[in-house]
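J.: First, the structure itself, so that you have it in front of you.
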Amino acid sequence: MLLKGNGVTGIKGTFGLNGNVFDRWLDFSEFKSDMNDMCEILQIRSSPKFQVNEEKLKSVHTEWRQDILEWRTNLLPPSSDHDTSKRRLSHLKKTAILLEKFCKIKPFFNFEAVQPKETPPLNPQDSEGAYSGELPNKVTEDMSERLMDGENHYLSYLITYHLCDFFEANRTDRIDAYIPRVTDEFELDFVSFLFSGQMNAQAIHMIFKALFLRD
């Protein structure tokens, strides 16, 4: 997969998405810092407040890395490079594994509705040229309600969709322009699927792949 530019920054401020984000996240301190920043951004833009359990976040990170290695070793097509150290998973596969771990381990908890401020504080993302994807937009009242209802699973969906959206918007190996296709109905059905307990990373990957499919 090709990306526009070299390490293009997706979000201004302390949390920045770029083509090397998954390599950075091999280090738990980098992963934790970015997750905390992303959660802080969401809390600024919505009324629900919540907490991040660092011990569970560490478990998410450990199992995510283990499963990436498992996929590289055993779950890629036979035509892939036989040297597993050279095999690379797509951003959709890595994100699908991450979402499965978020839903299984549930590091985000204690969601509480609080009165939103009339004028939210300025966030680094609001600077000129900030990325215009899922998280930087002002969170609507409806989305705040979904965060309260969906808690860990809906928040996990927002984070992982944001990752996919960034990479897909910056691809240069596709003919068709990138057009987000997420609808309210899709969100409801997808998060309900996550709650069902029947989901796994391979199924999530196929859903992401279909969602972002284009020539």
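The values are calculated or read from the model by the stated rules, or taken from the named source; none is laboratory data. All values derive from a computational prediction rather than experimental measurement. All Cβ positions, even for glycine, are placed from backbone atoms using ideal geometry, and neighbour counts span all protein chains on display.
J.: Which residues, taken from segment 193-215, are of a type in the set (Gly, Ala, Ser) and either assigned to a helix (DSSP H, G or I) or in contact (Cβ under 8 Å) with a residue 60 or more places away in the chain (or both)?
T.: ALA201, ALA203, ALA210
J.: In addition: Out of LEU135, LEU122, I need the residue that is part of a loop (DSSP other than H, G, I, E, B), under 19 Å from the mean Cα position of the chain (by Cα) and at pLDDT below 55. Which one?
T.: LEU135
J.: Looking only at segment 142-151, decide whether some residue is among the hydroxyl-bearing types (Ser, Thr, Tyr), over 14 Å from the mean Cα position of the chain (by Cα), modelled with pLDDT under 85 and closer than 19 Å to MET38 by Cα.
T.: For segment 142-151, residues among the hydroxyl-bearing types (Ser, Thr, Tyr), over 14 Å from the mean Cα position of the chain (by Cα), modelled with pLDDT under 85 and closer than 19 Å to MET38 by Cα: present.
J.: Oh, and also: Determine the pairs where a residue that is in contact (Cβ under 8 Å) with a residue 24 or more places away in the chain and closer than 21 Å to LEU163 by Cα, located within segment 37-53, has a partner that is surrounded by fewer than 18 Cβ atoms within 10 Å (Cβ to Cβ) and among the small types (Gly, Ala, Ser) with Cβ atoms under 6 Å apart, the partner being 6 or more residues away or on another chain.
T.: So the pair list comes out as SER46/SER144.
J.: Of all residues in segment 169-192, which are in a helix (DSSP H, G or I) and of a type in the set (Ser, Thr, Tyr)?
T.: SER192
J.: In segment 19-48, which residues are surrounded by 14 or more Cβ atoms within 10 Å (Cβ to Cβ), more than 13 Å from the chain's Cα centre (by Cα) and either at pLDDT below 80 or not in a helix (DSSP H, G or I) (or both)?
T.: Correct list: GLY19, ILE41, GLN43, ILE44, ARG45, SER46, SER47, PRO48.
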